[in-house]
Structure formats: C-alpha cells, structure tokens
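Notes to accompany the following structure.
The values are calculated or read from the model by the stated rules, or taken from the named source; none is laboratory data. Remember, predicted model here, so these are calculated numbers, not experimental data. Here the Cβ positions follow ideal geometry from the backbone for every residue, glycine too, while neighbour counts run over all protein chains shown.
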Amino acid sequence: MLKLLVPVDGSDTSLRAVEHVIKMSSAYKSPPELHVINVQPPMPFGNRVSSVVGHDTVENYHREEGLKALQGAVQKLDAAGVKYAHHIAVGEPADTIADYAAQKGIDQIVMGTRGTGATSSLFLGSVATKVVHLAKVPVLLIK
C-alpha cells in the first residue's frame, strides 16, 4: 500500500496539497495510507519555558496550535471521505518532516511550496526546499 505524507501548516498551498491528494486518491487501485502532519516550532529557550509554565502547559499549547493548523485539512479530508491519520510534532519543520517520513516508511511527501511561517516572505519555500534535500523519498510540490 502506498504511504503518503502531507505536511500541513494551514497555508493555502498546504491545503491545495491536501486537495491534490484527495483528487488523486481515487486513481489508485487501493486507497493510499495517508498521514497528515503539522510541525510546531519549539518554544524559545527550550526546557527553561517548560520549567516555568510546566511541561503539560507547553504540550497542550503545541497540541492546540497544531489542531488549529490541521483544521482545514481535516475538514477537507472528512468531507471527501478519505481516511487519514493526523500527527502533531515539535521541532524544526523540514528535519521533522524528513525524519517522520523515514520512520513511518512513507513512499512520497506531497506538500505546498510556501507556508505560513514568520519568515515566509523572506525565504519563500525554504522548508519545501530543505525537505527536498533531506527526504529519502520523492517530494511532490504543489503551487
């Protein structure tokens, strides 16, 4: 069974990647195993923040922000009746996406070319470019 990974950050291009996967899923003999991931940036100052506000508070914050970013993708997939597993991770986005793909035996990553990051206007496509270089599997970029 084909395993696909779609990184989602809530941006228009990441939602277009989800739409592309929905459209293409009917072309396969059997539906692909679909993983949707959101990568949250780590808290500044690392464990010092957790020691002040508590590990559970930081974990809840990442989960809530991740679910917000995944909301549009989840709605589109549910409406189309496409089965998926969603994941929220914390780390540097490109490294985390490539590592997740390797750990789960993903066959292809389908992602948008630009995200919603704070530096997206300065470094357009920097995460996508880095994923292309780091991933050991094909990466399909959606405009």
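Some points to look at:
- With respect to (1) over 14 Å from Leu15 (Cα atoms); (2) at pLDDT 95 or above; (3) outside any loop (DSSP other than H, G, I, E, B), the lone exception for Ala69 is condition (1).
- The lone exception for Lys143 - which of (1) farther than 15 Å from Val18 by Cβ; (2) touching a strand residue (DSSP E or B) at 6+ places or on another chain (Cβ under 9 Å); (3) at pLDDT below 95; (4) loosely packed, with under 14 Cβ neighbours inside 10 Å it fails: (1)
- Set Val21, Val53, Val49, Val58: member being modelled with pLDDT of 80 or more and either buried (at least 20 other Cβ atoms within 10 Å of the Cβ) or on the phi < 0 side of the Ramachandran plot (or both): Val21
- When the range 23-36 is limited to residues that are in contact with a strand residue (DSSP E or B) (Cβ under 9 Å, 6 or more places away or on another chain) and either among the acidic types (Asp, Glu) or touching a residue at least 24 places away in the same chain (Cβ under 8 Å) (or both), the one that is nearest to Ala69 (Cα to Cα) turns out to be Val36.
- Filtered residue count, the range 61-82, keeping only those that are exposed (fewer than 14 other Cβ atoms within 10 Å of the Cβ) and either under 17 Å from Met111 (Cβ atoms) or in contact with an Asp or Glu (Cβ under 7 Å, 6 or more places away or on another chain) (or both): 0
- The sole residue among Ala85, Ala94 that is of a type in the set (A, V, I, L, M, F, W, C), surrounded by fewer than 17 Cβ atoms within 10 Å (Cβ to Cβ), touching a residue at least 40 places away in the same chain (Cβ under 8 Å) and closer than 18 Å to Ala17 by Cα is Ala85.
- Only one of the listed residues (Leu77, Leu134, Leu124) is modelled with pLDDT under 95 and aliphatic (A, V, I, L, M). That residue is Leu124.
- Conditions (1) surrounded by 15 or more Cβ atoms within 10 Å (Cβ to Cβ); (2) modelled with pLDDT under 90; (3) more than 20 Å from His133 (Cα to Cα); (4) of a type in the set (S, T, N, Q); number of the one not met by Thr116: (1)
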